[in-house]
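The block underneath contains the structure these notes are about, expressed in C-alpha cells.
The values are calculated or read from the model by the stated rules, or taken from the named source; none is laboratory data. Since we're looking at a predicted model, the values are computed, not measured. In this analysis, Cβ positions are derived from the backbone assuming ideal geometry, glycine residues included, and neighbour counts consider all displayed protein chains. All accessible areas refer to the heavy atoms of the entire protein, side chains included, with ligands and DNA or RNA removed. Shrake-Rupley method; radii C 1.70, N 1.55, O 1.52, S 1.80 Å.
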Amino acid sequence: MEILFDNAIRKAAPELEVILVEATISNPPTSDALWSEITAMEQNIHDNIPMELVRHRPAIDATRKAYKACGKDPNRYRPSAEALCRRAVKGMELYRTLTAIDFINLLSMATGHSIGGFDADKIEGTALTLGIGTHNEPYEAIGRGELNIEGLPVYRDKTGGIGTPTSDNERTKLSPETRHLVMTINMYGSDPDYPAERVISLTERLLTQYAGASHITARLIKANE
C-alpha cells in the first residue's frame, strides 16, 4: 500500500507524518489481557489529565490545528483520540469489541494520535490519497451514519473516502474475518514523549502480543517530502 498526499493537505498540515502499518492478523474478540491494558490506560488518563487539558496534549492539539487549517471546527467534530480521552476522564468505559479495534483505541489513547484501521481486502486499489473532504461528499461513518466530512482530512481509495481522524468508514471497517490490516497513524505534530520510533515499537508489540500478527511492516512517510 502507498500513501499519496494532495497539495491541500500538505499546505494545511506541513508537519504531517504518517506511520503506515501493514500486517497479517487474527481478529478475535478482545482478550482479558488486552482489556486489562485498556482499563489501566483509561484509569491513568482519568487520574492524571484534567478535562481542560485533554485538548492540549501535543498530538491532539496538533490534530485540532490541522482541522482548523482544513476548515473544520474540532469542537463539533472531535478527533477520535480526543474523544477517547474525554470518555476516560469522564469515567465512561469503552465498548469491548474486537482485538484490532480495541488495541488501536489503546494506542490512540496512549499517544494522542488519531489512527485509521482498515481491512486491506476491502480497499480498492493499491494506494490511498490523503486530502480534504468536499461539500456533500458521501461518507458513511462507522456506527454514525452519514458524516459531514467537508473540511476534514480524509483518506480515499479508488471508490471514495475510507478514513478521517473523526471516524473510519463502514465500507472498509475491521471485522472478525479481517486478516490483512492497514493502519494509518496520523502524526500531525510531534510529541517528545512519543517519537515515531516509540509509537512503532508499541504498535508492533500490540500486534504481536494480541493479534498474532506476522509480516508486519511499518513505514514513516512525511507529507512534505
Any idea how many residues of region 16-63 are closer than 15 Å to residue 114 by Cβ and either part of a loop (DSSP other than H, G, I, E, B) or open to solvent by less than 40 Å² (accessible area, probe 1.4 Å) (or both)?
-> 12
So residue 1 clears everything in (1) modelled with pLDDT under 95; (2) exposed (fewer than 15 other Cβ atoms within 10 Å of the Cβ) except one condition, right? Which one?
-> (2)
When only residues in region 175-219 that are under 15 Å from the mean Cα position of the chain (by Cα) and part of a strand (DSSP E or B) count, which is nearest to residue 24 (Cα to Cα)?
-> 181
What number goes with the only condition from (1) over 14 Å from the mean Cα position of the chain (by Cα); (2) closer than 24 Å to residue 25 by Cβ; (3) without any contact (Cβ under 8 Å) to a residue 60 or more places away in the chain that residue 169 does not pass?
-> (1)
Tell me which residues, restricted to region 113-142, are over 25 Å from residue 68 (Cβ atoms) and part of a loop (DSSP other than H, G, I, E, B).
-> 123, 124, 125, 126
Name the residue, out of 110, 88, 66, 83, that is assigned to a helix (DSSP H, G or I), among the hydrophobic types (A, V, I, L, M, F, W, C) and closer than 22 Å to residue 212 by Cα.
-> 110
Criterion (free of Cβ contacts under 8 Å to residues at least 60 places away in the same chain and either touching a Phe, Trp or Tyr at 6+ places or on another chain (Cβ under 6 Å) or buried (at least 16 other Cβ atoms within 10 Å of the Cβ) (or both)) met by exactly one of 146, 124, 93, 137 | 137
Of (1) over 29 Å from residue 209 (Cα atoms); (2) touching a Lys or Arg at 6+ places or on another chain (Cβ under 6 Å); (3) of a type outside the set (A, V, I, L, M, F, W, C), residue 30 satisfies every one except (1)
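Per-residue answers, yes or no, for (1) buried (at least 22 other Cβ atoms within 10 Å of the Cβ); (2) of a type in the set (Gly, Ala, Ser):
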| site | (1), (2) |
| --- | --- |
| 157 | no, no |
| 171 | no, no |
| 180 | no, no |
| 186 | yes, no |
| 189 | no, yes |
Test for residue 159: is it in contact (Cβ under 8 Å) with a residue 24 or more places away in the chain, closer than 21 Å to residue 30 by Cβ and either in a strand (DSSP E or B) or of a type in the set (Val, Ile, Thr) (or both) | no
Show the residue pairs that are 6+ apart or on different chains and have beta-carbon atoms under 6 Å apart, the first residue being within region 1-29 and within 20 Å of residue 200 (Cβ to Cβ) and touching a residue at least 40 places away in the same chain (Cβ under 8 Å), the second being in a helix (DSSP H, G or I) and not hydrophobic (A, V, I, L, M, F, W, C).
-> 21/203
Give the residues of region 69-80 that are in a helix (DSSP H, G or I) and in contact with a strand residue (DSSP E or B) (Cβ under 8 Å, 6 or more places away or on another chain), sorted by residue number.
-> 70, 80
For region 80-90, the count of residues that are open to solvent by less than 10 Å² (accessible area, probe 1.4 Å) and within 27 Å of residue 177 (Cα to Cα) equals 1
Residue check for residue 103: touching a helix residue (DSSP H, G or I) at 6+ places or on another chain (Cβ under 6 Å), assigned to a strand (DSSP E or B) and crowded, with 17+ Cβ neighbours inside 10 Å | no
